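Computed from the coordinates by the stated procedures, all read-outs in this text should not be read as laboratory data. What you see is a predicted model; the values in this text were computed from it and never measured. Virtual Cβ from ideal backbone geometry, glycine too; neighbours counted across all protein chains shown.
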Amino acid sequence: MSNPCLKCPTDQSCCRDLRGLKVNEAEYTRLFEDKREHLTVSRKGKIFEISALGEFPCPNWDQQCQVYGRRPMDCDLYPYTMGNVFEGDGEVYATYHSRTGCPLTAQLLSPREKAEELIRNFLKDTYGEQCKITVRYDEGAARVYHLARRAASRARKLLIGETT
Ligand code: SF4
Ligand code: SF4
């Protein structure tokens, strides 16, 4: 399986600077549990949130992802990423967004239907087939992010215009 991130202009920053990756227990046990000395791990319900400690990269990274074909769903989802996951009485509500800063977002972003299917399958594996699942794209926050980027870009152009 080819890895498009080998052409990453940021030298695979999302793997080298791992922050807040959401995994379920099976993924955690399979890919992270025996390497946890370089990680901080918090757990909310059935979801584990993983960050690398200090300067350490993801423990599955060594020049490239060493588990690419069996990486966690949240990595497969990139440059979308999981947002909040709320669990309640037989129901789960999850959001996702694309505010990841990935420079190849335009090339790598899959259609939302595909992203939502990935998330639904992940949530079914995590909470069981019977659980009622709702998945929503976090449009509002994404818009704020894009507006902020556009404003920053305009400000930069104005600044360049003023100083040249
Ligand atoms: S997902 Fe984006 S930021 Fe992360 S390694 Fe791939 S190209 Fe780079
Ligand atoms: S599991 Fe692989 S793709 Fe996911 S953060 Fe680690 S090195 Fe990157």
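Overview of results
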quantity	calculated
Considering only the chain, percent of DSSP beta bridges that pair antiparallel, nearest 5	75 percent
Highest-MSF residue in the chain out of Pro103, Pro57, Pro79 [GNM, Cα springs under 10 Å]	Pro103
Helix 139-163 axis, angle to the chain major axis (alpha carbon atoms, nearest 10°)	20 degrees
Cα gyration tensor shape of the chain, rounded if a/c is under 1.5, else prolate or oblate by comparing a/b with b/c	oblate
Environment charge of Tyr127, counting only residues whose C-beta is closer than 12 Å and scoring Lys/Arg +1, Asp/Glu -1	-2
Phi to ³J(HN,Hα) by Karplus 6.51 cos²θ - 1.76 cosθ + 1.60 over region 35-44, Hz, x for Gly, Pro	10, 7, 5, 10, 10, 10, 10, 10, 10, 10
0 to 90° range, to nearest 10: angle between helix 112-127 axis and the chain longest Cα axis	30 degrees
Packing-based ranking, highest mean first, of 66-74, 37-45 given that Cβ atoms within 10 Å are counted	66-74, 37-45
Computed lengthening from Tyr93 to Gln66, 0.36 nm per intervening residue step minus Cα-Cα distance	6.6 nm
Whole-Hz ³J(HN,Hα) from phi, Karplus 6.51 cos²θ - 1.76 cosθ + 1.60, for region 73-80, glycine and proline x	4, 5, 6, 4, 5, 3, x, 7
Backbone HN-Hα couplings from phi across region 10-25 [Karplus 6.51/-1.76/1.60, Hz, Gly and Pro as x]	9, 6, 6, 4, 6, 8, 7, 10, 6, 9, x, 5, 9, 9, 9, 5
Modelled FRET efficiency - R0 41 Å, Arg19 with Gln130, Cβ distances, 0.05 increments	0.80
